[in-house]
Every structure is written in structure tokens, then in C-alpha cells.
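Here, each number is a calculation from the coordinates, and none is a lab measurement. These numbers come from a predicted model, not from an experiment. Reconstructed Cβ throughout: ideal geometry from the backbone, glycine too, with neighbour counts over all protein chains shown.
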Amino acid sequence: MSLLKSLLSYAWPMTEWKGHGKYGPLALVWEQGHLVVNSATANQSFGNLHAIWQQCLEDQRVAMRPLRNILLLGFGAGSSARILRKELGIMAPITGVDGDAEILRIAREHYRVHQLEGVQLVLSDALEFARDHHLAYDLVLVDLCHELDLAPHVDEEPFIKDLHRCTAPGGLLCFNTIVHDPMSRERSQRTSHLLRLSFGQVEEHLYQGINRVISAARPGN
């Protein structure tokens, strides 16, 4: 049945499963031959978001960086982890944090992320993890959105300071924001401003019209 849905999905999307996660409805949908995870109004993994992270990691030349460890805040179903492992061949240990137990179940059962070597999944609120965790990482990817808006408090100074501490000297932080209306634009700009204050300088790249990824490199020792 899944093979048939995969083939039919080139004509129109085919739903595999519907359910609810911590933050709202979730669905597994076949689109253009690929099984993706969608919420009510946005892609959560392996669709448009997968393409965004592919381009971002290429633009930042992440494959050329000497990475000892990686932190993914907002792991979802594992799009970015699969890009890092399978497409870029980066084998540094990955810690993936997500507050939604259901999407982590989907990651394990439908995308077999447990078969990716050196990936540790942590069920935790990302803000709490960043606040309480004291290990610094060479690469930090932040993707914390509820539908088409940033999650609460991620564009505030305490979290940005925690992200700076979680990023090792010489490390790179990439923070995905969404810009689709005046409020979301303001929150994206505030995030960029706070990151600039904390890290010194930032780069901004707009992907697929509304995703603004803000990247900041922490100076080395």
C-alpha cells in the first residue's frame, strides 16, 4: 500500500497517517514520492524544511568544518540529522532534542533514526535543555517553530545567551526563523539583533520565500 501511495503522490499528496503531537496535529503524507511529516499548516520534516536545511548547510560549508559534536534543537523526525549523516558524511556525535514525544516516535518508527550511528535523542523542552545543559557544541541547529511562527520565548535574551554558551569557541549556530507577516518579521529581526549582540556578527539567508536562517559563528579562543 505504501508503494502505491508513493507512486500516486506524484499526482497528488497521499496521507499515510494522522494524529496529534504535543503542539498540534501531525500527519505522515506521501508527496512527490517522499514520506514527509506535516503539521496543520507547515512541513515539519523531510519536505520543504529538508530542502531548506540542505541549502543552509551547503551555504555554510558545514562539511568542511572540523566538527566534534552537534546539537539539534527541534529534532523533528530527523531531517537535518539524515542530511548530516547520509548526504554530507559527517560522523560527529549528534544530540537531538525535541519536546514532542510523538514526533520522536515517528522519527524512530518511520525514519529509523536509531539506525544512524551516534545519534542520541533527548525528549526535553529545548529552552530548558539549553538552560540546564553545559556542554558546548561545534554545530548548533535551531528549528523551533509552532506552525508558521517561532515558539514562545526563543526570540528572547535568556535563550540567546544560552545558545551562545552552547556553541563552542569556533563553532557555528544556524537559527531558522519564519517571516510571513509583520509580527513574525519583527520576531525574526529581534532574534537576529540578539544573536548579533551575543556573537558579534551574523549572516542571514532567505530560503523558499519565508524561511530566514540566521547564522552566527562564535570566535575561537
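Residues that are in contact (Cβ under 8 Å) with a residue 12 or more places away in the chain, over 18 Å from S2 (Cα atoms) and hydrophobic (A, V, I, L, M, F, W, C) occur at least once in region 35-46. If the condition is being farther than 23 Å from E87 by Cα, touching a Gly at 6+ places or on another chain (Cβ under 8 Å), part of a strand (DSSP E or B) and not aliphatic (A, V, I, L, M), then region 1-49 contributes only P25.
Within region 50-90, if we keep just the residues that are of a type in the set (K, R) and either in contact with an Asp or Glu (Cβ under 9 Å, 6 or more places away or on another chain) or assigned to a strand (DSSP E or B) (or both), the residue that is surrounded by the fewest Cβ atoms within 10 Å (Cβ to Cβ) turns out to be R68. The set of residues in region 36-49 that are surrounded by fewer than 22 Cβ atoms within 10 Å (Cβ to Cβ) and not hydroxyl-bearing (S, T, Y) comprises A40, A42, N43, G47, N48. The requirement of being of a type outside the set (A, V, I, L, M, F, W, C), in contact with a helix residue (DSSP H, G or I) (Cβ under 8 Å, 6 or more places away or on another chain) and closer than 27 Å to C174 by Cα is fulfilled somewhere in region 7-24, by at least one residue. Which condition number in (1) under 20 Å from I178 (Cβ atoms); (2) within 15 Å of the chain's Cα centre (by Cα) is the one that G24 fails? Failed condition: (2). Flag: E117 does not match the condition of being more than 16 Å from S80 (Cβ to Cβ) and among the charged types (D, E, K, R). Looking across region 96-150, the residues that are β-branched (V, I, T) and out of contact with any helix residue (DSSP H, G or I) (no Cβ under 9 Å at 6 or more places or on another chain) come down to I103, I106. Checked against the criterion of being in contact with a helix residue (DSSP H, G or I) (Cβ under 8 Å, 6 or more places away or on another chain) and either free of Cβ contacts under 8 Å to residues at least 24 places away in the same chain or basic (K, R) (or both), the candidates R61, R82 yield just one match: R82.
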